[in-house]
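The structure appears below as structure tokens.
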Amino acid sequence: MSGELITLYVTAIVLVAVTGLYYLLVTTSLIRAVIGLELVTKSITLGLILAGRLTGKVGLGQALAITLIVVEVVVLVVAVGLILLAHRHTNKVDTRDLRSIKG
């Protein structure tokens, strides 16, 4: 794999991760926060696959990526369930409105 191609892959991975972190840190919408979390985990998955390719341990990289995808789906389902529960109580999905929930 050429150095320019590796640089391109790493740049894309970092760009996706930074975009996800921006969504997580700046937004007040819970749905956008979940999308940001998804972007961060997708960049980690791509990083694992790239690291496996560069070290010659493609099988290990793929196994770790599959494991991360399974964990990611579980976290996504729990997060969406919590968002739906919060929406039922407040009719909004904004983090500023969740401060009024009691008990």
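Summary table below
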| item | result |
| --- | --- |
| Meets criteria (closer than 30 Å to Arg99 by Cβ, part of a helix (DSSP H, G or I), without any contact (Cβ under 8 Å) to a residue 12 or more places away in the chain and not hydroxyl-bearing (Ser, Thr, Tyr)) for Leu84 | yes |
| Scan of the range 23-37 for residues that are part of a helix (DSSP H, G or I) and without any contact (Cβ under 8 Å) to a residue 24 or more places away in the chain, ordered by number | Tyr23, Leu24, Leu25, Val26, Arg32, Ile35, Gly36 |
| Residue under evaluation Gly52, criteria (1) surrounded by 15 or more Cβ atoms within 10 Å (Cβ to Cβ); (2) within 16 Å of the chain's Cα centre (by Cα), criterion not met | (2) |
| All positions within the range 67-81 that are exposed (fewer than 12 other Cβ atoms within 10 Å of the Cβ) and either of a type in the set (A, V, I, L, M, F, W, C) or not in a helix (DSSP H, G or I) (or both) | Val70, Val71, Val73, Val74, Val77, Val78 |
| All positions within the range 45-81 that are free of Cβ contacts under 8 Å to residues at least 12 places away in the same chain and either aliphatic (A, V, I, L, M) or in contact with a His (Cβ under 9 Å, 6 or more places away or on another chain) (or both) | Ala51, Val58, Leu60, Ala63, Ile66, Val70, Val71, Val73, Val74, Val77, Val78 |
| Flag for Val18 being free of Cβ contacts under 8 Å to residues at least 12 places away in the same chain, surrounded by 12 or more Cβ atoms within 10 Å (Cβ to Cβ) and assigned to a helix (DSSP H, G or I) | yes |
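Values in this text are rule-based calculations from the coordinates and carry no lab data. The shown structure was predicted, so the numbers you read here are calculated from the model rather than taken from an experiment. As a convention, Cβ positions derive from the backbone with ideal geometry for all residues, glycine included, and neighbour counts pool all protein chains shown.
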